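A.B. asks: Here it is, the structure in full.
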Amino acid sequence: MSRRRTGAVLLATAALAVAGCQADAEDDPAPAPEADGTATTDDGESDPGAFPEGSTMARLAEEGSITIGTKFDQPLFGLVGPDGVPEGFDVEIGTLIAGELGIAAEDIEWVETPSQNRETAIENGDVDLVVATYTINDDRKQRVGFAGPYYEAGQSILTLASNEDIQGPDDLAGARVCTVSGSTPEQNLLENYPEVEVVPFGTYSECLEPLRNGQVDAVSTDNVILAGFAAENDDLEVRGEPFTQEPYGIGVAKDDVEFRMWINDVLEDLFADGRWTQAWESTAGTVLPTPEPPAVDRYED
Amino acid sequence: MDLIVDNASTYLDGFAVTARLTAYSAVAALAVGLVMAALRIAPLRSLRVVAAAYVEVLRNTPLTLVFFFMVLVAPQFGILPPLGFWTAVACLALYTSAFVAEAVRSGINGVGVGQAEAARSIGLTFGQVLREVVLPQAVRSTVPPLINVLIALTKNTSVAAGFAVVELVGTGRRLSTANAGDPWVLVGVAVCYLVITIPMGLLATSLERRVAFAR
């Protein structure tokens, strides 16, 4: 009898542990995106006539609606809540860009673009643009165009909120750091931080229990992933600036250079007038430090 | 191909960890498995039940789950096994001991019941019956299946790669990332496993021939 009960408790705990790995939306502390104030602008740019004839901007402004691809499962960047509307920094950026076209937040159609579908969605014209924790790299530039970057993500450190000893990668010497076996962050730690004792697990969520139990001192991978954990767990904190560079860009059709350059202009406006900082602080900024806006890259094809 | 040669020392490190995992777990699994097999034919019903439960639970649980319980669930009950090598040995030994117990039990069952009855009738105790009469005969037919169990154990050590042990597979994953996913990396890993398992298979075959006896 008592043995059977212990078994049930074990099973239930295992189920909870598994569920905990992907606990999501419900307790996301990020506030809802502010739809008003960004929906329209009064600087005249929202007037379709202001855009060059035949441009993507003119077409979208004319239609008064836009389709934007984003992640639906990335806390703080693009996460769909119970109401079906995604929230996060990527969503805010997408909303601000749409606002510059004179498109209200409620006229934006959000489409889920997981990592493996982003290029295809752009090439097929399923979406007008993609804001989805989308790292700019040369391979992807063969297929799509990138405006931005609008944010530089990178490898960072997650540790217990109570641990004051670790404030950045230089404090990791001699520490036990959990990461995923065979991942790029693991490679980076092995190559550039040889003093670190790397503890590889199968997934990042499996690192959390050992971290809480003091079996490892920190977890290290992309700050965006770590921020998701920090947002869901009050006892965990992301520490220090990212120590690798993953520039996040806005994906558009490869040959639509005009649209890409226009988005770059919009981003520079957002950086300059503080709307970018405001968007950050109301979303990912709740758990990540507020960075300086990056410089946009107006690369030639 | 060059890649395997260039990284020979890295492979060797991973190989050494896999070999040690296999060796320690094998010794522990053989010891525990033998005890469990003896308990399964013990004259006391309660001992038989305990041994049967142990064997059936571990034999029918995926090894990854055994690791999962030990590494990620046990700490929630206040049991904090050290991360890494020795916990992996414990998981592998527990899991494998169930298969050892079954191999030994089938060997024991293969010894004619008359042997045990005759031994009892001349006044030997249960322990003596096992030690002097049944086990010496059972071991002969048990050795080949036991080696199969150990070959499986060798390959199963790869599960530890997901639980803080950098053995051959963990080493392979690192090399693969460092070399842009070059498929030769995994060929090298496979060869390292074969270096352990093929000689074991050959040993099994030759032992089988040597210990074969006419019934």
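Bear in mind these aren't lab numbers, they're just calculated from the coordinates by the rules spelled out. On a predicted model such as this, the values are computed, not experimentally measured, just so you know. Here the Cβ is made from the backbone with ideal geometry for all residues, glycine too, and neighbour counts use every protein chain on show.
A.B. asks: Nearest 20 debye, what's the magnitude of the dipole of the protein assembly as shown about its Cα centre given +1 on Lys and Arg Cβ and -1 on Asp and Glu Cβ?
C.D. replies: Working: 31 positive and 70 negative charges, 1408 e Å.
Value, rounded to 20: 6760 debye.
A.B. asks: Going highest first, how would you order A:78-91, B:124-137 by mean Cβ packing within 10 Å?
C.D. replies: On the way: A:78-91: 20.8, B:124-137: 15.6.
For the peptides A:78-91, B:124-137, the packing ranking is A:78-91, B:124-137.
A.B. asks: For A:Val111, enumerate residues with amide H under 5 Å from its amide H, sequence gap 5+ or separate chain, H modeled in the peptide plane.
C.D. replies: A:Ile68, A:Gly69, A:Thr70
A.B. asks: With +1 on each Lys and Arg Cβ and -1 on each Asp and Glu Cβ, and nothing else charged, work out how big the dipole of chain B is about its Cα centre, in Debye to the nearest 20. Can you show the working numbers first?
C.D. replies: Numbers: 15 positive and 10 negative charges, 167 e Å.
Once rounded to the nearest 20, the dipole reads 800 debye.
A.B. asks: In addition: Using just the Cα positions, wrap the stretch A:236-301 in a convex hull and report its mean projected area in square nanometres, one decimal place.
C.D. replies: Numbers: hull surface 22.3 nm².
Value for the stretch A:236-301: 5.6 nm².
A.B. asks: Of all the C-alpha pairs in the stretch B:98-215, what % are more than 18 Å from each other? Spell out each step's value before the answer.
C.D. replies: Working: 4453 of 6903 pairs.
Counting pairs separated by more than 18 Å, the tail of P(r) holds 65 percent.
A.B. asks: Shifting gears a bit: Quick one: which residues, 5+ away or cross-chain, put their amide H under 5 Å from the amide H of A:Thr244? H built at 1.01 Å from N.
C.D. replies: Amide H neighbours of A:Thr244: A:Gln155.
A.B. asks: Which one, B:Gly33, B:Ala160, B:Asn109, is farthest towards the positive end of the dipole of the stretch B:2-211 when Lys and Arg carry +1 and Asp and Glu -1 on their Cβ?
C.D. replies: It is B:Asn109.
A.B. asks: May I ask you to evaluate 6.51 cos²θ - 1.76 cosθ + 1.60, the Karplus curve with θ = phi - 60°, for each residue of the stretch B:100-112 and list the ³J(HN,Hα) values in order in whole Hz, giving x for glycine and proline?
C.D. replies: Calculated HN-Hα couplings, in order: 4, 4, 5, 5, 5, 4, 5, x, 5, 4, x, 7, x Hz.
A.B. asks: With the crude spin-label approximation of a point 7 Å out along Cα→Cβ, what separation in nm comes out for B:Thr10 versus A:Ala161?
C.D. replies: 4.0 nm
A.B. asks: Could you give the C-alpha radius of gyration of the stretch B:41-153 expressed as a fraction of 2.2 N^0.38 Å, taking N as the number of residues it contains? Please list the in-between numbers first.
C.D. replies: Details: Rg = 17.5 Å, N = 113, 2.2 N^0.38 = 13.3 Å.
Working it through for the stretch B:41-153, the quotient is 1.32.
A.B. asks: Ratio to report: Rg/Rh of the stretch A:155-239, with Cα atoms as the point set and Rh obtained by the Kirkwood method; give two decimals.
C.D. replies: 0.91
A.B. asks: What average number of partner chain Cβ atoms lie no more than 10 Å from the Cβ of the residues making up B:161-174? Walk me through the numbers before you get to the answer.
C.D. replies: On the way: counts 5, 7, 7, 13, 3, 5, 0, 0, 2, 5, 2, 2, 7, 8.
Partner Cβ neighbours, averaged per residue: 5.
A.B. asks: Shielding of B:61-74 by partners, i.e. mean partner chain Cβ atoms within 10 Å per residue? All intermediate terms of the calculation are to be shown ahead of the outcome.
C.D. replies: Details: counts 0, 0, 0, 1, 1, 0, 1, 5, 5, 0, 5, 12, 7, 2.
Average neighbour count from other chains, rounded to a whole number: 3.
A.B. asks: Still on this structure, please answer the following. Once you average over the residues of A:206-215, how many Cβ atoms of partner chains fall within 10 Å of each Cβ? Walk me through the numbers before you get to the answer.
C.D. replies: Working: counts 6, 1, 1, 5, 7, 0, 2, 5, 2, 8.
Other-chain Cβ atoms within 10 Å of each residue's Cβ, averaged: 4.
A.B. asks: If we count other beta carbons within 10 Å of each Cβ, what is the order of A:Glu53, A:Glu246, fewest first?
C.D. replies: Exposure proxy ranking, most exposed first: A:Glu53, A:Glu246.
A.B. asks: Averaged over every viewing direction, what's the projected area of the C-alpha convex hull for the stretch B:94-165? Give it in nm², one decimal, please. Please report the intermediate quantities before stating the final value.
C.D. replies: Values: hull surface 21.8 nm².
Approximately 5.4 nm², given one-decimal rounding.
A.B. asks: Across 20 Å bins from the origin, how do the percents of Cα pairs in the protein assembly as shown run, short distances first?
C.D. replies: 19, 40, 27, 12, 3, 0
A.B. asks: Could you give the size of the charge dipole of the stretch B:98-178 about its Cα centre, using +1 on the Cβ of each K and R and -1 on the Cβ of each D and E, expressed in debye and rounded to the nearest 20?
C.D. replies: Details: 7 positive and 4 negative charges, 45 e Å.
That gives the stretch B:98-178 a dipole magnitude of about 220 debye.
A.B. asks: Using the Kirkwood radius over C-alpha pairs as Rh, can you work out the diffusion coefficient of the stretch B:2-211 via Stokes-Einstein at 10 °C, viscosity 1.306 mPa s, in µm² per second?
C.D. replies: D, rounded to a whole number, is 84 µm²/s.
A.B. asks: Can I ask one more? Going by C-beta contacts inside 10 Å, put A:Asp234, A:Asp171 in order with the fewest on the left. Kindly include the intermediate steps, with their values, before the conclusion.
C.D. replies: On the way: A:Asp234 10, A:Asp171 18.
Ordered from fewest to most neighbouring Cβ atoms within 10 Å, A:Asp234, A:Asp171 come out as A:Asp234, A:Asp171.
A.B. asks: Divide the volume of the convex hull of the Cα atoms of the stretch A:99-138 by its number of residues and quote the answer in cubic angstrom per residue. Display every interim value, and only then the final one.
C.D. replies: Details: hull volume 4.0 nm³, N = 40.
Each residue corresponds to 99 Å³ of Cα convex hull volume.
A.B. asks: Moving on. Rounded to whole Å and sorted largest first, what semi-axes of the equivalent ellipsoid does the C-alpha gyration tensor of the stretch B:170-215 yield via the square root of 5 times each eigenvalue?
C.D. replies: 38, 7, 5
A.B. asks: Here is a follow-up. From the helices alone, meaning DSSP H stretches of at least four residues, give me the mean residue ellipticity at 222 nm for the protein assembly as shown, per-run term -39500 (n - 2.57), in deg cm²/dmol to the nearest 500. Please report the intermediate quantities before stating the final value.
C.D. replies: Working: 19 runs with 253 residues, N = 516.
Helices in the protein assembly as shown give a 222 nm mean residue ellipticity of -15500 deg cm²/dmol.
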